[in-house]
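Undergrad: Below are the structure tokens for one structure; questions will follow.
No value in this document is a laboratory result; all are computed from the given coordinates. Being a predicted model, the structure only gives us computed values, none of them experimental. With ideal geometry, Cβ positions are generated from the backbone for all residues, glycine too; neighbour counts draw on all protein chains shown.
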Amino acid sequence: MPERAPLLTVEHLTTGFQVRDGFVPAVIDVSFHVSAGDTLCIVGESGSGKSVTALSIMRLVEPPGRIAEGRIIFNGHDLLTVSEREMQAIRGAQIALIFQEPMTALNPVFTIGNQIEETLRVHGRATRRTAPQQAIDLLAAVSIPEPQKRVRDYPHQLSGGMRQRALIAMSLACEPSLVIADEPTTALDVTIQAQILELLRDLQQRMGLALLLITHDLGVVAEMADRVAVMYAGRIVEEAPVRALFDDPKHPYTRGLMGSIPGGAPGTRLRAIQGTVPPLGALPPGCAFAPRCPERFDPCPKAPPGTTDFGGGRGVKCYLHGPAVEPQVAPPAPVERV
Amino acid sequence: MTPLLEVRNLVKEFTRSQGLFSAPSVVRAVDVVSFSIAEGETFGLVGESGSGKTTTGRCILRLIEPTAGEVRFKGEDVLAFSRARMRAARRDMQIVFQDPYSSLNPRMRAGDIVEEPLIIHRTGRKVERRARVAELFELVGLDPTQLARYPHQFSGGQRQRIGLARALALNPSLVIADEPVSALDVSVQAQVINLLMDLQERLKLTYLFIAHDLRLVRHICDRVAVMYLGKIVETGPTESLFAAPAHPYTRALLSAIPIPDPAVPRQRIVLDPASFDRTAPLREVSSGHHAAV
Ligand SMILES: Nc1ncnc2c1ncn2[C@@H]1O[C@H](COP(=O)(O)OP(=O)(O)OP(=O)(O)O)[C@@H](O)[C@H]1O
Ligand SMILES: Nc1ncnc2c1ncn2[C@@H]1O[C@H](COP(=O)(O)OP(=O)(O)O)[C@@H](O)[C@H]1O
Ligand code: SF4
Ligand SMILES: [Mg+2]
Ligand SMILES: [Mg+2]
């Protein structure tokens, strides 16, 4: 697929939380881009900073959290400098965010139809007269059966999969150009997950969306991604086109994640990664993966590795692949765990 | 040979009141379920959310009372046990829960959590019990110097190990593991799965393994049963069931597993509920492999 000019470019994003002893970064010097028609998957375990990245793009990080550094260029505008009014117009209309738990994003006291109509009207996409039919059409577009009946349902009357579809319908009401889906299928059964992923892929092809899909499941990545960014402890430690990543994972963490997936001969031991993800604010000083890394050597615990660029959209932060020490933006000194 | 556990025609109904004026509705969460597990075997129970897997597990341990059916453990009729006899039987059948966050008492120290079943079952003197707790900590890969910590001071994977140590305290022969790793991070899941396999070898455990993750089930289970709306629609040796699924629901379920290889395109099969008879009885489709078709 030819690379178009990116719709979204994130540069050197650092977002964190103010705690008693100072500022603790949850996202550290993160850069990536997504173009129209392109799917970038961010994959990482819980706490790696995926959701904070998504919230930063939407400028929805609330105190004590704050974006400390970076630029977020969407459609030529730096989202970190536009006014809150402009940002409100962008949210929902041009960038849609789909959450993991659809129940929290839907209002329990209004019907699905009311909520879609409201979204359409707020963004001037429909009038009082046209909104009801548009809502039905949107539910039909996400394959909800009997949409003319379902518009009158309240969120609790829908199954988990239908709620997620309704939320997607609502997100797409204003034909956004970028959709950020934060673990949209994690709470769902595999069969429903498969339907939702298919729906996203189908909508993306029809509407030419740029899709930023956040997940912890490498199976989902393999099915959906054009490109992948692997996140660990707040940093993107490896980025690659999807085939290249699976054919030749370069970062020991990526390799560990792949080894952790059940497969191979039944009953054999999995190649688990030892230890656990370090808690926020207790990052080791050097490579954050060093305490768990089977390939750790001399330079690893001293300073965080910088990015080694392999070309073709491949980059990795690991001393096995080059001597690079992280440039300029050294993270704020780790603070004591509270 | 008698199986270690035999479940016959198990039924569990829940009644839900529908407000003052309408009759309560009855949900059959488990609808005439039968299976048996041989000693040392790992038996997987899979199916979509709400299909009745957890309810089946809880009925076996009589954490809830089944509506009808039979549960035989080592040949004895569990449902006929008196309370005292049931309590004794629970030493031998333990459960590990899905959620390592809510299943441990947050006000108890880890060592006390693991020791509690020993106290309840009046096993050993204080020193012996403490020695046993330390031994259990090592068995599940926890650091015995952390006995005095509280659950919130452990990670999710460590908490699941505490739950496992507690379950193993009384040397059970059957462990019912209800989604033991689904709340854990991928890398930690693999650690706990390896541990479950190691423990099975060392302690000759029998597992009833309830899970969503079919990749995992395929990896560790000897035999599998697939539940759909309270019924087992297919059961058989893992290999045969995965290689030649006979029931439309099983086929749909297996085709939905995301394959972690971008070079393999998925061929998804969509379930058409009208395409099969929900009342069809199980029949043998190949050796030991039954399907309701
Ligand atoms: N205490 C209860 N009262 C009423 N209904 C119940 C109760 N417990 C379970 N059910 C119902 O029984 C059915 C089976 O539930 P169960 O928890 O066994 O499903 P499960 O297969 O374990 O699902 P999951 O994969 O989501 O854990 C569901 O319809 C559920 O709503
Ligand atoms: N409101 C908050 N206050 C303090 N810390 C937070 C808050 N939100 C997230 N964090 C922390 O930021 C880190 C990254 O979180 P998150 O982006 O939600 O992870 P992920 O989505 O990858 O699981 C975690 O350590 C999390 O605990
Ligand atoms: S930098 Fe060192 S510790 Fe970090 S992933 Fe590479 S080899 Fe492992
Ligand atoms: Mg998240
Ligand atoms: Mg359950």
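Undergrad: Cross-link candidates for residue B:126: which aspartates and glutamates have Cα within less than 17 Å, leaving aside residues fewer than 8 places away along the same chain?
TA: Cross-link targets: B:112, B:115, B:116, B:135.
Undergrad: Can you tell me which aspartates and glutamates have their Cα less than 17 Å from the Cα of residue A:50? Leave out same-chain residues fewer than eight positions away.
TA: A:11, A:29, A:62, A:69, A:101, A:182, A:183, A:217, A:238, A:239, B:185
Undergrad: Once you place label points 7 Å from the Cα toward the Cβ at residue A:19 and residue A:154, how far apart are they in nm?
TA: 4.0 nm
Undergrad: Kirkwood Rh, Cα Rg: Rg to Rh for segment B:210-281?
TA: In segment B:210-281, Rg relative to Rh is 0.96.
Undergrad: Under a plain spin-label model, where a point goes 7 Å from the Cα along Cα-to-Cβ, how far apart in nm are residue B:68 and residue B:152?
TA: 4.8 nm
Undergrad: Would you calculate a helix-derived [θ] at 222 nm for chain B, using -39,500 (n - 2.57) for each DSSP H run of n ≥ 4 and dividing by the full residue count, to the nearest 500?
TA: Dividing the helical sum by the residues of chain B leaves -9500 deg cm²/dmol.
Undergrad: Provide Rg and Dmax in Å for chain A, with only Cα atoms included in the calculation.
TA: Radius of gyration, then largest Cα-Cα span, for chain A: 20.8, 69 Å.
Undergrad: Follow-up question, since we're still on this one. Can you pull the Kirkwood radius for chain B, inverse mean 1/r over Cα pairs, to one decimal in Å?
TA: Working: mean 1/r = 0.0491 Å⁻¹.
After inverting the pairwise mean of 1/r, the radius is 20.4 Å.
Undergrad: With a 10 Å Cβ neighbour count serving as the proxy for reagent exposure, in which order, fewest first, do B:279, A:14 appear?
TA: Listed from fewest to most nearby Cβ atoms, that is B:279, A:14.
Undergrad: State the extension gain, in nm to one decimal, for the chain segment bounded by residue B:116 and residue B:264, taking 0.36 nm per residue of separation less the distance between their alpha-carbons.
TA: Difference between extended and current length: 48.3 nm.
Undergrad: Taking the mean number of other Cβ atoms within 10 Å as a proxy for protection, how do you rank B:140-150, A:267-277 from highest to lowest?
TA: A:267-277, B:140-150
Undergrad: Which semi-axes, in whole Å and largest first, does the equivalent ellipsoid of the protein assembly as shown have when worked out from the alpha carbon gyration tensor as the square roots of 5 times its eigenvalues?
TA: Equivalent ellipsoid of the protein assembly as shown: 42, 33, 23 Å, largest first.
Undergrad: Let me ask another. For B:212-224, what's the mean count of beta carbons from other chains sitting within 10 Å of each residue's beta carbon? List each step's numbers first, then the result.
TA: Details: counts 3, 5, 2, 5, 4, 2, 3, 9, 5, 2, 2, 0, 0.
Mean inter-chain Cβ contacts per residue within 10 Å come to 3.
Undergrad: Mind ordering A:130-137, A:194-201 by average Cβ neighbours within 10 Å, highest first?
TA: A:194-201, A:130-137
Undergrad: Continuing with the same structure: Per Stokes-Einstein, at 4 °C and 1.567 mPa s, what whole-number D in µm² s⁻¹ belongs to segment B:109-150, with the Kirkwood radius over Cα pairs as the hydrodynamic radius?
TA: Roughly 128 µm²/s, to the nearest whole number.
Undergrad: Run the quick spin-label model on residue A:282 and residue B:13: label points 7 Å from Cα toward the beta carbon, then report their separation in nm to one decimal.
TA: Those two pseudo-labels are separated by 5.2 nm.
Undergrad: Also, I was wondering about something else. Once you have a ≥ b ≥ c as the square roots of the Cα gyration tensor eigenvalues for segment A:215-259, tell me rounded if a/c is under 1.5, and otherwise prolate or oblate according to whether a/b is larger than b/c. Provide the component values of the computation, followed by the final result.
TA: Numbers: a/c = 1.38, a/b = 1.25, b/c = 1.11.
Rounded is the answer for segment A:215-259, as its axis ratio a/c remains below 1.5.
Undergrad: Then there is this: Write down, largest first, the equivalent ellipsoid semi-axes of segment A:25-77 in whole Å, where each equals the square root of 5 times an eigenvalue of the alpha-carbon gyration tensor. Mind dumping the intermediate values first?
TA: Values: eigenvalues 73, 48, 18 Å².
Calculated on Cα positions only, the semi-axes equal 19, 15, 10 Å.
Undergrad: Expressed as a rounded percentage, what relative contact order does chain A have, with Cα pairs under 8 Å and six or more residues apart?
TA: Numbers: 623 pairs, mean separation 67.6, N = 338.
Relative contact order for chain A comes out at 20 percent.
Undergrad: Can you divide the C-alpha Rg of segment A:16-109 by 2.2 N^0.38 Å and report the result to two decimal places?
TA: On the way: Rg = 14.4 Å, N = 94, 2.2 N^0.38 = 12.4 Å.
Rg over 2.2 N^0.38 Å, computed on Cα atoms: 1.17.
Undergrad: Something else: On the principal axes of its Cα set, how long, how wide and how thick is segment A:180-242? Give whole Å, largest value first.
TA: Here the spans come out as 30, 27, 17 Å, largest first.
Undergrad: If you don't mind, another one. Kirkwood hydrodynamic radius, segment A:47-92, all distinct C-alpha pairs: what's the number in Å?
TA: 11.2 Å
Undergrad: Per 0.36 nm of contour for each residue apart, how much would the distance between residue A:146 and residue A:121 grow if the chain were fully extended, relative to their Cα-Cα spacing?
TA: Answer, rounded to one decimal: 6.7 nm.
Undergrad: Another one. Under 18 Å from the Cα of residue B:53, which lysines turn up, not counting those fewer than eight places away in the same chain?
TA: Of all the lysines, those that pass the test against residue B:53 - Cα under 18 Å, at least 8 places apart if same chain - are B:12, B:231.
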